[in-house]
Amino acid sequence: MSRPLHRGVSGGVSSNRIAESSHYSWDSQMKDKTEKEDVDKTRYSQDHTSLSSRFLVGLLFPENSPSKCGIGENGFGSDPFNMGNSRSRQNLTLSFLKFSLILIVILALSGSLWWTISISNSSRGNIFRGYRRLHDQLITDMLDIGELSLGSARLKELEFCPQESENHVPCFFNVSSDPALGSSDEEVYDRQCGQGSSQNCLVFPPRNYRIPLRWPTGRDVIWVANVKITAQQVLSSGSLTKRMMMLEEDQISFRSDSLMFDGIEDYSHQIAEMIGLRNESYFIQAGVRTVLDIGCGYGSFGAHLFSKQLLTMCIANYETSGSQVQLTLERGLPAMIGSFSSKQLPYPSLSFDMLHCARCGVDWDQKDGIFLVEVDRVLRPGGYFVWTSPITNAQGSRRNEENKKKWEFIHSFAENLCWEMLSQQDETVVWKKTSKKDCYASRKSGPSICSKGHDVESPYYRPLELCIGGTRSRRWIPIETRTTWPSRSKLNSTELNIHGVHSEDFAEDALRWNSAVRNYWSLLSPLIFSDHPKRPGDEDPSPPFNMLRNVLDMNAQFGGFNSALLEAGKTVWVMNVVPTSGPNHLPLILDRGLVGVLHDWCEAFPSYPRTYDMVHAKGLLSLETSQHRRCSTLDLLTEIDRILRPEGWVIFHDTAALITTARALATRLRWEARVIEIESNGEERLLVCQKPFFKRQ
């Protein structure tokens, strides 16, 4: 019976010994075995108490090599520590080890003391916060794991919100929730996100809600039950484009009728002529592609410009009823809640080619002209500000002394902003922002240039600044010198260098997205057309007239998903969202002639419920889970459910582990979910979900 070989014994010798003893009788073997076990017990204890000592001494005293050791009669090498001087060497080794240990401890303590003294108080705070962040993240992850480990049967489905939440928008003052609360106009309009602003319940659609009509029919006709508006609000006067709608039984139809103008087309034509163009079809040649429409009415101005390849983003205050933003989105046009009150808009400086205000309700003369300064910040060099208001009518009967003072202040302030007034006709005025920075130095009065600390290129709801921003940006490029649309979407190497992006990376990103969009559409088309039976009066949709119109990209990166959809001929528009927790590529996206916004996904998105047909998120789960989260993945999915239309689609593209987690949580939202493998990347998955159409009983 053989034993494991000890150190220092060659395999050849031991094998010879085993071979020589193979002819022993059974009794002899048993006797030898007993004797060997007695000896082994003694040696085994000695070996394990001084194993590390013998190894170190072997290094220190090479003369005690195995070649000088004899072979015992039991077939194993004799131990050199059993010699006469073994005890003294063992004592020397232990002393050496004690000395080494003491030396290491001294060096460690000295290094730790020096490091502690060298770091600053702020560094200590960062380290402590980093530890707390890791600790909190671990707790959150353990809770998620614990919840998922209970199995799908224990994942309780979320309850439905009460009926008054049908049009609820977190982070904004919802008058309907508590009309007794008093607040100023700024408190009503301003975005106020804090603890408790999110809601973990599912928002029911209105009782008579119907799936919106397919584009482009849905641009001109919407179901009245889908939005919160009264017949009086439909028929009442207000913004120019509010007058262009008619109530017809259960539908609202938008027409080109107006009490002021022959129609929105004539109004757009007038603006083009005031700029010096033949008609609105020449806006693109003049460098105009993106328009910010302030207080847009119900989006008729943007709807008309869309046919001219212009992309108009509507912003308006939060409204409990008759919301401009809600109706504009219901028509399949870009819109979001935003206001000129006390905070900067969540857009970078130099973002839009034109700003438009037709009776938009903003008092431009208030607060020393700070709202006009914000217009100047987001307007590109050479861009246009179009303002239609009774205040500008110099010879009309509506002119009074108060309006005269307002107009004089605004006219003078615009000159101090280095704006040139191109034309004034009836109630409409067009200004052009300067393309030359040296104009600001030649002014006698007016707002100062923002200091470096206050000139933030991409603010996120920062307080308004009464100083001129954007002048330090490398993106200060006049609109007339920019590449015109659609070539503008493909930035050249010089433009990409401004954003710190290599041409190769940009081109590779475009190729990936073109392939991804083809795969998405081949995947979704059968689902859309088979899972949605034809409704009465509907015909089978033929591309590009499909059910998808409003698309939200939650982690837009370079805007590649948006660009690929346009190249594929899809008649969609995309809200490109750049998370505040990741790299800020929003200036690049806007320079491509697309629209987008900065957003913190632990807060509610500034939109009404049921406003998007598809929500897309590539890498968002990985990005958010790598941060110190104030919210959970369930909070994120609940917010997606709020802004997603019934029968709308969600596509997650992320790591397999995160997709598994999201798939389990999707069951709590009652989504139909399918996990799809990606052949080109075995570590990632697609999660395709559809929101059911629930009706209140």
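The values are calculated or read from the model by the stated rules, or taken from the named source; none is laboratory data. Here the structure is a predicted model, which means the values were calculated and not measured. Please note: Cβ atoms are built from the backbone with ideal geometry, for glycine as well, and neighbour counts cover all protein chains shown. Quick note on the areas: whole protein, heavy atoms, side chains included, nothing else; ligands and nucleic acids left out. Shrake-Rupley method; radii C 1.70, N 1.55, O 1.52, S 1.80 Å.
Once all protein chains are placed together, HIS585 keeps about 50 Å² accessible to a 1.4 angstrom probe.
Sorting ARG663, ARG191 by accessible area puts them as ARG663, ARG191; the probe is 1.4 Å, largest comes first, and only protein heavy atoms count. Sorting the Cα pairs of segment 487-691 by distance into bins of 5 Å, from 0 upward, gives 1, 7, 15, 20, 21, 18, 11, 6, 2, 1, 0 percent per bin.
Accessible surface for ARG443 stands near 50 Å², nearest 10, in the context of the full protein assembly shown (1.4 Å probe). Annotation for segment 344-374 versus segment 600-633: alpha-carbon center distance of 28 Å.
Express the accessible area of segment 487-691 per residue in Å², computed with a 1.4 Å probe while the remaining protein chains stay in the model.
Accessible area per residue, segment 487-691: 37 Å².
Scaling the Cα radius of gyration of segment 312-379 by the globular reference 2.2 N^0.38 Å produces a ratio of 1.13.
Using a 1.4 Å probe over the heavy atoms of the protein chains, calculate the carbon and sulfur portion of the accessible area of segment 258-481 as a whole percent. Carbon and sulfur atoms account for 45 percent of the accessible area of segment 258-481. The residues of segment 258-481 present an accessible area of 37 Å² per residue when probed at 1.4 Å with all protein chains retained. Rg and Dmax of segment 579-621, based on Cα coordinates, read 11.7, 29 Å. If you bin all the Cα-Cα distances of segment 357-457 at 5 Å, starting from zero, the percentages per bin are 2, 12, 22, 26, 19, 11, 6, 2, 1, 0.
Pairs of lysine in segment 487-691 with Cα under 20 Å and at least 8 positions apart or on different chains: total? Count of close lysine pairs: 4. Can you work out the FRET efficiency for the pair SER281 and ASP505, with r the C-beta to C-beta distance and R0 = 41 Å, to the nearest 0.05? So the FRET efficiency works out to roughly 0.70. Taking all protein chains as they are arranged and a probe of 1.4 Å, the heavy atoms of CYS193 leave approximately 50 Å² accessible to solvent. Between GLU401 and ASP368, the C-beta separation translates, for a Förster distance of 30 Å, into a calculated FRET efficiency of about 0.90. Its Cα gyration tensor gives segment 396-448 an equivalent ellipsoid. The semi-axes, each the square root of 5 times an eigenvalue, are 25, 14, 5 Å from largest down. By accessible area, using a 1.4 Å probe on protein heavy atoms only, segment 487-691 has 51% of its surface on carbon and sulfur.
The equivalent ellipsoid that matches the C-alpha gyration tensor of segment 258-481 spans semi-axes of 25, 21, 19 angstrom, in descending order. Sorted largest first by accessible area at a 1.4 angstrom probe radius, with every protein chain in place, the residues LEU466, LEU109, LEU623 fall in the order LEU109, LEU466, LEU623.
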